Amino acid sequence: MIDVKRRVFLKGSAAAGAVVAAAGAGLIAPQAVLAEWNEAAFRSKTVADAIKAQTGTDATEESADIKIKAPEIAENGAVVPVSVSSSIAGVTAISILAASNPSPMVASFALGESTVADVSTRIKMGKTGDVIALVQAGDKVYTAKKEVKVTIGGCGG
Amino acid sequence: MAKAKSSIKLRAKEKNGVTTVKALMSHPMETGQRKNKKTGENIPEHFIQEVVGEYNGKVVITTSWSGGVSKDPYLSFSFKGGANGEMVKVSWTDNKGGSDSNEVKIKGKK
């Protein structure tokens, strides 16, 4: 008799524990925004706004000295490998934008003096569109783009 | 939480005076735009916002990311300098205040 009660008690407490854990996981923590993180650029809904927020200017120059390495056709939009490199001297920052994403600004890299202007990451793309590389050197802003065709979007549920 | 294993897989290799660092982080990278199919509510944003790469205690790269970076994000960068046995450190911070870091020795010519 005692044993049975004990079983019931254990079952009950285990279930309660699971509920508490689930509630804890669902809690939304307050957003801690870092000063270095360019909120305006990342929240921008258009490429033009994002470039302006990132660089402080909309005067950009297309450059052949920026290389974007990305697949022409991405089968899986959730994982699109992108590399950006540049032979422009004195690069201080590189940004990657996906033109057709709801928030085009995807990633931004601030480079130190000895850092080589060559970064790689993997991005999500909702649909076919241009991948835009933004390179800041001195007070100039250079851009390049490459179209990536996406067969399965990476921003859906 | 016991930290037996870092969330960052890290490798650094020196060749011809340039060290290339490759980091693979384990993180859900939620955009805040995906819907929970059961409740119909958006899954809250949860993504790495900042990744800092350091060499000999000096920051060589500060990366800012949005939720548009793929789940379990990958980052590669390189810098001039670095020698066999020297340390490279990579650390990340997400939008919920979570963070992790890892260090690795540069592999290069002895």
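The values are calculated or read from the model by the stated rules, or taken from the named source; none is laboratory data. Computed from a predicted structure; not experimentally measured. A quick note on method: Cβ atoms are made from the backbone with ideal geometry, for glycine too, and the neighbour counts reach across all protein chains shown. Please note that ligands, DNA and RNA were not included when accessible areas were found on the heavy atoms of the full protein model with its side chains. Shrake-Rupley method; radii C 1.70, N 1.55, O 1.52, S 1.80 Å.
Please pick out the residue among B:Thr63, B:Thr20 that is within 11 Å of chain A (Cβ to nearest Cβ) and touching a Leu at 6+ places or on another chain (Cβ under 9 Å). Show your work before the answer.
Details: B:Thr20 fails: touching a Leu at 6+ places or on another chain (Cβ under 9 Å).
Of the residues listed, the single one that is within 11 Å of chain A (Cβ to nearest Cβ) and touching a Leu at 6+ places or on another chain (Cβ under 9 Å) is B:Thr63.
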In segment B:61-80, how many are open to solvent by less than 30 Å² (accessible area, probe 1.4 Å) and over 25 Å from B:Gly32 (Cβ atoms)?
5
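Residues are listed down the side, and each one gets a yes or a no for (1) modelled with pLDDT of 90 or more; (2) not assigned by TED's automatic domain parsing to the domain that holds A:Ser108:
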site: A:Ala14; (1), (2): no, yes
site: A:Val19; (1), (2): no, yes
site: A:Ser44; (1), (2): yes, no
site: A:Asp49; (1), (2): yes, no
site: A:Asp58; (1), (2): no, no
site: A:Pro81; (1), (2): yes, no
site: A:Ser85; (1), (2): yes, no
Looking across segment B:46-60 at residues that are open to solvent by 10 Å² or more (accessible area, probe 1.4 Å) and closer than 17 Å to B:Gly108 by Cβ, the single one that is nearest to the other protein chains (Cβ to nearest Cβ) is B:Tyr55
Go through segment B:1-22 and count every residue that is over 11 Å from B:Ser78 (Cα atoms), within 13 Å of the chain's Cα centre (by Cα) and either surrounded by 17 or more Cβ atoms within 10 Å (Cβ to Cβ) or at pLDDT below 95 (or both).
4
Scan segment A:116-142 for residues that are buried (at least 19 other Cβ atoms within 10 Å of the Cβ), in contact (Cβ under 8 Å) with a residue 60 or more places away in the chain and over 11 Å from A:Val80 (Cα atoms) and jot them down.
A:Ile132, A:Ala133, A:Leu134, A:Val135, A:Gln136, A:Val141, A:Tyr142
So A:Ser87 ticks every box in (1) of a type outside the set (Lys, Arg); (2) open to solvent by 20 Å² or more (accessible area, probe 1.4 Å); (3) over 28 Å from B:Gly81 (Cβ atoms) but one. Which box is left unticked?
(3)
So A:Ala99 ticks every box in (1) out of contact with any Lys or Arg (no Cβ under 8 Å at 6 or more places or on another chain); (2) open to solvent by 10 Å² or more (accessible area, probe 1.4 Å) but one. Which box is left unticked?
(1)
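How many residues does segment A:102-115 contain that are in contact (Cβ under 8 Å) with a residue 12 or more places away in the chain and either open to solvent by less than 20 Å² (accessible area, probe 1.4 Å) or among the hydrophobic types (A, V, I, L, M, F, W, C) (or both)?
Going through segment A:102-115 one residue at a time, the tally reaches 8.
Would you mention how many residues in segment B:68-92 are at the interface with another protein chain (Cβ under 8 Å from one of its Cβ atoms) and farther than 12 Å from A:Thr115 by Cα? Talk me through it step by step, then tell me what you get.
As a first pass, look at segment B:68-92 and keep what is at the interface with another protein chain (Cβ under 8 Å from one of its Cβ atoms): B:68-71, B:73-81.
Among the residues that remain, those that are also farther than 12 Å from A:Thr115 by Cα are: B:68-71, B:73-75.
Within segment B:68-92, residues that are at the interface with another protein chain (Cβ under 8 Å from one of its Cβ atoms) and farther than 12 Å from A:Thr115 by Cα number 7.
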Just to be sure, is A:Lys52 in contact with a strand residue (DSSP E or B) (Cβ under 8 Å, 6 or more places away or on another chain), more than 13 Å from chain B (Cβ to nearest Cβ) and open to solvent by 70 Å² or more (accessible area, probe 1.4 Å)?
no
Report every pair of residues separated by at least 6 positions or lying on different chains whose Cβ atoms are under 7 Å apart, first residue within segment A:55-83 and loosely packed, with under 13 Cβ neighbours inside 10 Å and among the acidic types (Asp, Glu), second at pLDDT below 95 and part of a loop (DSSP other than H, G, I, E, B).
A:Glu75/A:Thr151; A:Glu75/A:Ile152
Please report, ordered by residue number, the strands (runs of 3 or more DSSP E) entirely within segment B:11-110 with at least 2 residues that are touching a residue at least 24 places away in the same chain (Cβ under 8 Å).
B:18-25, B:48-55, B:74-80, B:87-94, B:99-105
